[in-house]
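No lab work stands behind these numbers, since they all come straight from the coordinates. Model, not experiment: these values are computed from the prediction. All Cβ positions, even for glycine, are placed from backbone atoms using ideal geometry, and neighbour counts span all protein chains on display.
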Amino acid sequence: MQTPGKAIRSRARFRFGGRHAVAAGVPARRVAQVSDRRDRASGAPPFIDKIAWIHLEDRRLLGARNAGRDRFYLPGGKREPGESDVETLVRELAEELAVVVDGATASHVGTFEALADARTDGLVVRLTCYTATYEGELVPSREIDEITWLTSEDGHRVSAVDRLVLTHLRDADLID
């Protein structure tokens, strides 16, 4: 486990002049279940729309834990009004991990849906996941207390939607 507040130096096998390459061969996954938009009040989104970064090293997935939370989540977050997926990814990773993501290298991995944690109203999280290269050192910033590396055995440490991602990556033989 990563020590809170400490940086993770990249051990990526693919480095190009300070740029870190993404894991090749992450298969795409489509949404298996789409929320019924009629279940929500008029004007309210039918789901929580989040963008996440899939960053693999040594067959492990990067996870981040927010201040005051017990669970780890994939780095990323909610889009600002008018933002594209890639703009959200770039902004969120700069805020959370103090790295510069090259939006031109972003590649869609999959979109996953599951019930939102700590919600009793049946609200779903839709997590749209991307890989992308980055520059810099992974450092917990702003609301992030800790970063760590996850395997498929860490399902109990993450949210329901992130468990789907772990399963997908394990089934693709990309994480242990």
Just the ratio, please: alpha-carbon radius of gyration of segment 32-176 over 2.2 N^0.38 Å, N its number of residues.
-> 1.02
Lys/Arg +1, Asp/Glu -1 at C-beta; segment 73-176 dipole; positive extreme among 115, 129, 161 | 115
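In which sequence would 162, 117, 171 go, from the one with the fewest C-beta neighbours within 10 Å to the one with the most?
Starting with the residue having the fewest Cβ neighbours, the order is 171, 117, 162.
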Additional length obtainable on full extension of the chain from residue 105 to residue 119, 0.36 nm per residue less Cα span | 1.6 nm
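Provide the net charge surrounding residue 63, with neighbours chosen by a C-beta distance below 13 Å and charges set as Lys +1, Arg +1, Asp -1, Glu -1.
So the environment of residue 63 carries a net charge of -2.
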